[in-house]
Amino acid sequence: MHDGSGALMLTDDHRAWGFTTSTGLGFTHHTIVDAHFDACRDAYLGLLGQAGIRPGAHVLDAGCGGGDFLPWLADLVGPEGRVSAVDLAEENAALAAERLAEWSPICPVDIRRADLLELPFADATFDAVWCANTVQYLNDSELALALRELRRVVRPGGTIAVKDLDAHLITARPTDPYLFADFFRAAVRTPGYAAQLLRTRDLHRHLKAAGLTEVRQQAVLIEHFSPLTPQARAFYAPTCARLAEQALALGLSEEWRRFADPDAADHPLDGPDGYISEGNVLAVGTVPGERELRAPVARSAGEEHI
C-alpha cells in the first residue's frame, strides 16, 4: 500500500494530515485512532451490531489498529467463534496483541501484521470480515484490490462489512456552516486522502463491483453537543487543528484560525453552542455461492438494500 503522494500542501499527502504510523498514513497512530473510537463508541458499536456477524463465526478484523473493536467482535462470535486481526502498521498489530492479554477474550484471537492488498490467508478462511475506518487510506485501484482479497478469504455465503468516515457530514458550530465543506472542496482537487474521505457514500457501488451480492448500506450522523465529553474533545480539537493548518496553507478562510490552537481558552467547541458532527457509512455484502441458512439480520431505520 503506498502513502498517496500528490499532496495538498506537502510532498507526502498522508503525512500532511498528521498522526502517522510507520506506514506514513495519516490519522493511523493508535493515539488518534483510540481517541476517535472513544469519542464515537456508541455509534460505532451500533454499526458493528448491524454488520451481520453471528455467534460461532470466524471473523477477520481487517485493519484492526490498536484493537479497539476486538473485544466486541469476540463477544459477538462468542466462545464457539474465533477472531483474527491484521493491521498494516507493525506497531499497531503489536499493541493490539499486547492489549489482548488484558482483555481475556472469550474466544481465540490471533493478530498479525499484514497488508489488505495481499492477505496471508487461504481462500474461504473466514465467515465474515469487519473492516472499519481503513478503506479511506486506499485509492480506487487499491480499494478494488482489497475488496477482491476480502472476497477471496471469505467463504461463499459469508459477509463483508465495511465501515468508514463520510467527510460530507463533517461540520462544526459556532462558525461558518460551510467552513469544512469548503475545505474538502478545495482539498479534493488533488487526488489523495481528501478524495477518499469523500468517496464513502459510494461504498455500495464498490462492493457490487467486487462481485458481492445482497449489498446494503446505511449512513449515520454522529453529533457531539456542548459540553463535549472529554473523549470527544480529546479527538476533535487536535483533529480540527490539523485541518486548520492545512486550510490556512491552502489560503482558505481566516475563520480557521479559531480552530488552530486546540488548547485555546475561546475554542469554538468549548463554548455554550459548541457542536461538531461527522458521518459514518456501513456497507455490507455477501460473497456469492452456496451458503448456509442464516438468520435474517435486523435492519435499522435508514438502512437500504441497493
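The values are calculated or read from the model by the stated rules, or taken from the named source; none is laboratory data. If you're wondering where the values come from, they're calculated on a predicted model, not measured in any experiment. Quick reminder, even Gly has a Cβ in these numbers, built from the backbone with ideal geometry, and neighbours come from all protein chains shown. With ligands, DNA and RNA removed, areas are computed over all heavy atoms of the protein, side chains included. Shrake-Rupley method; radii C 1.70, N 1.55, O 1.52, S 1.80 Å.
Structure above, values below:
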item: Net charge of neighbours whose Cβ lies under 13 Å from the Cβ of F121, counting Lys and Arg as +1 and Asp and Glu as -1; result: -2
item: Rounded to the nearest 10 Å², the accessible area of T125 at probe 1.4 Å; result: 50
item: Global geometry of the stretch 167-278, whether rounded, prolate or oblate, following the gyration tensor of its Cα atoms and the 1.5 cut on a/c; result: oblate
item: In order through the stretch 73-86: 3J(HN,Hα) via Karplus (6.51 cos²θ - 1.76 cosθ + 1.60), integer Hz, x for Gly, Pro; result: 5, 4, 5, 5, 7, x, x, 8, x, 7, 10, 10, 9, 9
item: Largest-first principal axis extents of the Cα set of the stretch 134-222 (Å); result: 49, 26, 16
item: Average Cα contact separation per residue, the stretch 105-166, under 8 Å, 6 or more apart, as relative contact order %; result: 46
item: Exposure of V109 as accessible area (Å², to 10), given a probe of 1.4 Å and all protein chains; result: 30
item: Computed accessible area, K163, all protein chains, 1.4 angstrom probe, square angstrom; result: 0
item: Total formal charge among the other residues, if their Cβ is under 9 angstrom from that of G279, Lys/Arg +1 and Asp/Glu -1; result: -1
item: Accessible-area ranking of E102, E90, largest first, probe 1.4 Å; result: E102, E90
item: Prolate/oblate/rounded label for the stretch 57-166 (Cα gyration tensor, a/c 1.5); result: oblate
